[in-house]
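Please read the structure below before turning to the comments.
Values quoted throughout were computed directly from the atomic coordinates according to the rules given, and no laboratory measurement underlies them. This structure is a prediction, so every number in the text was calculated from the model and none was measured. As a convention, Cβ positions derive from the backbone with ideal geometry for all residues, glycine included, and neighbour counts pool all protein chains shown.
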Amino acid sequence: MAIHQNCHLICVTGGKGGVGKSVFAANLAAATLMELRASVLLLDLDSKSAGDQNIITGLRPQKTMMDLNSYQSSLNPATLKSFINKHQSGLHYIAAVNGPEQKLQLNADILSKQISTISQSFKFIIADLGNEIGPEQLAMIEGCSALLMVTTPEVLTVNQTRRAIHDLMTQTIPLDLIQIIINKSSRSGLDPRTLQQSLRRPVVGVVPQDDQITYNALQNSNPFVFTANNSQISNTYHEIVRKLTGGTLQKLKSLSRPQNLSEKSVNAEVSVSSIGSSSTVRAEGQQQLDSHTILKMQIHSELIKEMDLKKDLSQTKDDPVKAKELRDKTLRTISMLTDKLGQGLSRDQRSATIREVLDEALGLGPLERLLEDPTVTEIMVNGAKMIYIEKSGKLQLSPVTFTSNQQLKNVIERIVTPLGRRIDEKTPYVDARLADGSRVNAVIEPLSIDGPAVTIRKFPQDRIVADDYVSRFGSMTQAMVDFLRICVEQGLNIVISGGTGSGKTTLLNVMSTFIPAKERIITVEDAAELQLKQEHVVRLETRPANMEGSGEISIRDLIRNSLRMRPDRIVVGECRDGAALDMLSAMNTGHDGSMTTVHANNPREAISRLETLCMMAGMELPARAIREQIASAVNLIVQISRLSDGSRKILSITEVVGMQGDAVTLQEIFRFKEEGFDKNRKIIGQFQAMGMIPTFIEKFEQRGVKIPRNLFTTDSSDSQKSMSRRSGPTRPQRIGGKPQATTPPNTRRRPVMGVKKASGGDE
């Protein structure tokens, strides 16, 4: 929030209800008007406001802050007048609500812009924030010159005020900004000096208790500073105004003004701290570090002395309540250390420093910002100073960097340790996952020559569903989606083929949603990525060898064990070794409807890839025996690819028909045909039905599942309508601005020679 340089925004809040915060705010505004003869605006921004300020000031507003916040036109001094109520004394006022029947609801971003505009018309703005600090109140605090915390000299109130101060520090509010006002002071209450020591904040005013004057003022609906100006309580308000405007406000406002800090560079030893340990090392390559980096290192080093983060992290044990408590405690400690070591920082610099140190202490350092960005789909770290990201299928260099390779190693350790995995000189590479399901691969020295390398395949925050492939991505047609749904429901064994980063796992996730909920599913993965929606799911994950080199559990071990777990279907994240043979055996032994992925560039290569992987099992089976296993186990191959423009398309849906001689016979059912590029270098193409009728159609029809035969022919308009009865309305799909077609014009194909459609694919 950018407050005009000639305006002071003073925010008033309280640690608990009943401390007289609203009365104080109104009378402070009145005293400021009388003392300085300047333009003063009183704002009611109490989220629990019932119109108290309306009663205190005696004003009956026609428009409120909610009306102002929803105002669509541009705000200027002329249009602002209609929202402002003016007291007979000259005090200006904008109410929160008209009365108790309304609830204050504001947009924080719009509020910030409007307050910036309003500040151009007033010398002082007094904002009553209430006791609950939400986004709207935080937006005001970020731009204020002072935050006055009202309390009373009572033990319980002081304790609540201390908690409120801690909460504000957790929100990275500078501690120096908070000033204490003791209200309703009396001889029976706590001594102000004791209270100041307890809260560790300066007391700028002690307002005596005068119930009679306060009662009369509320009865007359007029601030008592106007009606009893010569009383002791009114004189106290004038003293507070003089104290604040005598230099305090200007000093506190400088906390929010950017300063031209000289960026010092040093060529010396720097402290690089890790969780639970602190060591001093020379920066790699004697590189020069700016003052901001050095400050973060100093704060991190002091944080290690203040807290045993390694022990605290181990005690959370995935408990979200304990994790939040640790985060709040760490944030408060970092805030205090930043105020101590980083004097002279602007408020924006201070907030950025606190966040970065917190990310390094409890999170993944600079990667946190990239992980929060929904447009980033992949993160590739090539050493501490080079981080590439993928956006919209294109690679680009990110501006964020790590301080050192040691900091990058600490982040890797923080990822793999909770998963029971390790990375060291004996095992210098590891596969892992983040809490949100994102896949992580890390390689360190000596394998990675230029420093640790980390690759993170982000798990999408918004779960991708089948309709997204049609409407959002244009990756296939609705008819193809419905066809795949029926194939999964009817228990066909499916292999998803594609290159690295083509979207195989995401497609497997989507297709798994077609599995009926009543079936028992076992998933087997190296690093758990699949997120199946069904309830009856058992998720298995491999385990690497321990430090002695024993205890490894491989994909093959888990597949063999899953056969004893009474699965209806087995879903393997990826076949990349001899586990392919075990997967094919499972498909051939009653576990119909199983699915897996494999690396290959087209369906024919997928068959060859599976054959090669089976040979890696060490069983020394003849090639024909392996091909027969593949032909009888796999029913469908779905080929997905990432094209040159970054888009992902289902290039082919191919049926495995059977064996013809020594070769596995395939027939393509659907295909994506590229036709060129548009003016934006986006690929233009169309989806085609190849005119081939799958051999398993008659088997489905015997079960009562009807699939229109013309779905697989040139004219598929009737089949589109028929399929839409199952899955909702179907709209014409477009790829690159051209209508999709299911087959090229004047094209008819004959079934593969020697294959009987009614045979179910076996010859």
Q: Could you please rank M297, M380, placing first whichever residue has the fewest other Cβ atoms within 10 Å of its Cβ?
A: M380, M297
Q.
Contact order normalised by length for the stretch 494-572, with contacts defined as Cα pairs under 8 Å and 6 or more residues apart; what percent is it?
A. 29
Q. If you add up the charges near F473, with Lys and Arg at +1 and Asp and Glu at -1, over every other residue whose beta carbon is less than 9 angstrom from its beta carbon, what do you get?
A. +2
Q: Could you pull out every residue, at least 5 positions away or on a different chain, whose amide H is within less than 5 Å of the one on R433? Hs are placed 1.01 Å off N in the peptide plane, and Pro or chain starts have none.
A: V440
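Given a Förster radius of 30 Å and the C-beta distance between E132 and D462 as r, what FRET efficiency does 1/(1 + (r/R0)^6) yield to the nearest 0.05? Kindly include the intermediate steps, with their values, before the conclusion.
Numbers: r = 31 Å, r/R0 = 1.02.
With R0 = 30 Å, the Cβ-Cβ based efficiency is 0.45.
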Q.
What distance in nm separates the two pseudo spin-label positions at Q534 and K679, each 7 Å out from Cα along the beta-carbon direction?
A. 4.9
Q) Thinking of the chain as a set of Cα atoms, what percent of all their pairs are more than 52 Å apart? A) 36
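Say R0 is 30 Å: what FRET efficiency, to the nearest 0.05, do A545 and T455 get from their beta-carbon distance?
Numbers: r = 22 Å, r/R0 = 0.73.
Calculated transfer efficiency: 0.85.
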(Q) 7 Å from Cα along Cα→Cβ at both L643 and A323: what's the point-to-point distance in nm? (A) 4.0
(Q) Can you sort M511, M565, M386 from fewest to most other Cβ atoms within 10 Å of each residue's own Cβ? (A) M565, M386, M511
Q) What full-extension length gain, to one decimal in nm, is calculated for T612 and R709 as 0.36 nm per residue of separation minus the Cα-Cα distance? A) 31.4 nm
Q: Using amide H atoms built 1.01 Å from N in the peptide plane, name the residues 5+ places from S398, or on other chains, whose amide H lies under 5 Å from its own.
A: I387, Y388, I389
Q: Measure nothing but the geometry: give the 0 to 90° angle between the long axis through the Cα atoms of 320-341 and the longest principal axis through the Cα atoms of the chain, rounded to 10°.
A: 50
Q: Determine ³J(HN,Hα), in whole Hz, for all residues of the stretch 613-618 in sequence, where each value follows from phi through the Karplus function 6.51 cos²θ - 1.76 cosθ + 1.60 and θ = phi - 60°; x replaces Gly and Pro.
A: 5, 5, 5, 6, 6, x
(Q) Neighbour counts of other C-beta atoms within 10 Å: give me S73, S231, S82 arranged from fewest to most. (A) S73, S82, S231
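Could you tell me the relative contact order of the stretch 368-457? Use alpha-carbon pairs under 8 Å, at least six residues apart, and round to a whole percent.
Details: 153 pairs, mean separation 24.3, N = 90.
Value for the stretch 368-457: 27 percent.
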**Q.** Integer Hz, Karplus 6.51/-1.76/1.60 couplings in order for the stretch 650-656, x for Gly and Pro
**A.** 7, 6, 7, 10, 10, 8, 8
Q: Name the long-range amide H neighbours of I669: under 5 Å, sequence gap of 5 or more, or other chain; modelled H, no Pro or chain starts.
A: I653, T654, E655
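Based on the Cβ-Cβ distance from T375 to N230, what FRET efficiency comes out when R0 is 60 Å, to the nearest 0.05? Present the calculation step by step, with values, prior to reporting the outcome.
Working: r = 63 Å, r/R0 = 1.05.
It comes to 0.40.
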(Q) What distance in nm lies between label points placed 7 Å from Cα along the C-beta direction at Q250 and L36? (A) 1.2
Q: Please compute the net charge surrounding R576, taking Lys and Arg as +1 and Asp and Glu as -1 over other residues with Cβ under 12 Å from its Cβ.
A: -2
Q: Consider a paramagnetic label point 7 Å from the Cα of E445 along Cα→Cβ; state which residues of the stretch 383-412 have an amide N under 19 Å from it.
A: 383-387, 402-412
